[in-house]
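Visitor: The structure's right below; bear with me while I get my questions together.
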Amino acid sequence: MNSMLLKLATTQGTSLKVDSGDVSQGVADATKGVTDATQDAVNEVNQATQYLQEHLSDLIGFGVKVLIAIAVFMIGRVLIQFIRKIVRKSLARSSADKGVEQFVDSVLKFSLYFLLIFMIAAKLGVDTTSVAAIIASGGVAIGLALQGSLSNFAGGVLILLLKPFEVGDYIIEDTNHNEGTVKEIQIFYTKLSTVDNKTIVIPNGMLTNNSLTNATAKAERKLDLKVDIAYEADLRKAKAVIEEIIRQDDATIKNEEILVFVHELAESSVVIGARAWVKNEDYWNARWRILEEIKLKLDENEIEMAYPHLTVQMGKEN
């Protein structure tokens with residue numbers, strides 16, 4: 001019994017010695033790892049400090065250039081706005097078209113900002129000769145990539161030269177049936193304002209490559225109306241009523257020809273046509289007012305206006 005206890009004690013003592021050795025080794029390894037990490041951090045700090053000491057003057061010089069570039073950009077931005085303002089006033093005094101004024105302002109803005117950025121790049125030490133060579137060599141690729149934009153730019157130039165429309169005109173783009181009042185003619189796009197206050201942006205290339213209708217190109221516009229009356233109605237009386245309404249309306253131009261005629265003998269109605277001239281700004285109000293008055297006067301004179309009828313005839317059974 002005693003020998004067994006002695007043997008167990010000996011075995012436990014050995015185990016304790018082995019565990020103490022492992023712990024000591026682990027502590028030593030951890031200490032070495034911390035020491036190595038600290039040394040690496042110190043080396044990196046020393047390298048960074050040495051780099052800063054060696055290139056401090058260069059970094060300060062670059063920082064000064066950046067500050068100067070920022071100052072130049074801010075000053076250049078103010079100068080660009082001043083130049084644009086002077087050009088706009090000059091164009092306004094010369095009674096230039098509003099579209100020309102907007103187009104020139106857009107081109108001037110892009111050109112001056114490009115020149116400003118190019119100067120700042122040169123100030124920062126960028127080799128402008130290399131930049132120019134890269135731009136020249138990549139001109140073909142840029143042209144192909146911006147083919148649509150260049151087409152729109154050319155379209156804007158053609159619009160200003162040929163003047164199919166001007167700012168303030170009401171145009172209808174026949175292909176997609178976009179219509180509205182021209183508000184701006186920019187480098188690449190023309191903006192229209194619709195009657196319900198929406199803005200339509202149309203590429204200039206589309207406006208020059210497709211047909212369009214300028215409804216306000218002239219100071220006067222023809223009012224073209226059509227009224228359907230029944231075949232049983234008094235035709236001469238209907239024509240007289242319509243002509244009187246048109247002649248008495250304040251918007252119609254009295255020294256221009258006013259016509260009231262039979263436009264068509266349709267399947268279920270007699271179509272009476274009426275034509276008169278009004279000023280562009282009075283067109284829609286005059287049209288709505290005259291049509292309403294025609295309906296009321298025809299009702300007063302018991303002249304039936306035509307509308308679709310369906311007549312059913314029942315055959316007698318034999």
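The values are calculated or read from the model by the stated rules, or taken from the named source; none is laboratory data. Predicted, not measured: the structure shown is a model, and the values here were computed from it. Glycine also receives a Cβ, built like all others from the backbone with ideal geometry; neighbour counts cover every protein chain displayed.
Visitor: Here are the criteria: (1) within 30 Å of I272 (Cα to Cα); (2) under 18 Å from the mean Cα position of the chain (by Cα); (3) at pLDDT 90 or above; (4) not aromatic (F, W, Y). Tell me which single one E173 does not satisfy.
Guide: Of everything listed in (1) within 30 Å of I272 (Cα to Cα); (2) under 18 Å from the mean Cα position of the chain (by Cα); (3) at pLDDT 90 or above; (4) not aromatic (F, W, Y), E173 misses just condition (3).
Visitor: Please state which of the following conditions L162 fails to meet, knowing it meets all the rest: (1) surrounded by 12 or more Cβ atoms within 10 Å (Cβ to Cβ); (2) closer than 30 Å to K109 by Cα; (3) without any contact (Cβ under 8 Å) to a residue 40 or more places away in the chain.
Guide: All conditions pass for L162, except number (1).
Visitor: What are the pairs with Cβ atoms under 8 angstrom where one residue, in the range 68-97, is assigned to a helix (DSSP H, G or I) and modelled with pLDDT of 85 or more and the other, located anywhere, is surrounded by 11 or more Cβ atoms within 10 Å (Cβ to Cβ) and of a type in the set (D, E, K, R)? Sequence gap at least six, or different chains.
Guide: Here the result reads I80/K109; R84/D105; R84/K109, each pair linking the range 68-97 to a residue that is surrounded by 11 or more Cβ atoms within 10 Å (Cβ to Cβ) and of a type in the set (D, E, K, R).
Visitor: Give me the residue from the range 263-291 that is of a type in the set (D, E) and surrounded by 11 or more Cβ atoms within 10 Å (Cβ to Cβ) and, out of that set, nearest to the chain's Cα centre (by Cα).
Guide: E281
Visitor: Check whether at least one residue in the range 212-231 is assigned to a helix (DSSP H, G or I), of a type outside the set (F, W, Y) and modelled with pLDDT of 90 or more, and report yes or no.
Guide: The answer is no; no qualifying residue exists.
Visitor: Does the range 107-117 contain any residue that is at pLDDT 75 or above, farther than 30 Å from I185 by Cβ and either touching a strand residue (DSSP E or B) at 6+ places or on another chain (Cβ under 6 Å) or surrounded by 11 or more Cβ atoms within 10 Å (Cβ to Cβ) (or both)?
Guide: Within the range 107-117, not a single residue is at pLDDT 75 or above, farther than 30 Å from I185 by Cβ and either touching a strand residue (DSSP E or B) at 6+ places or on another chain (Cβ under 6 Å) or surrounded by 11 or more Cβ atoms within 10 Å (Cβ to Cβ) (or both).
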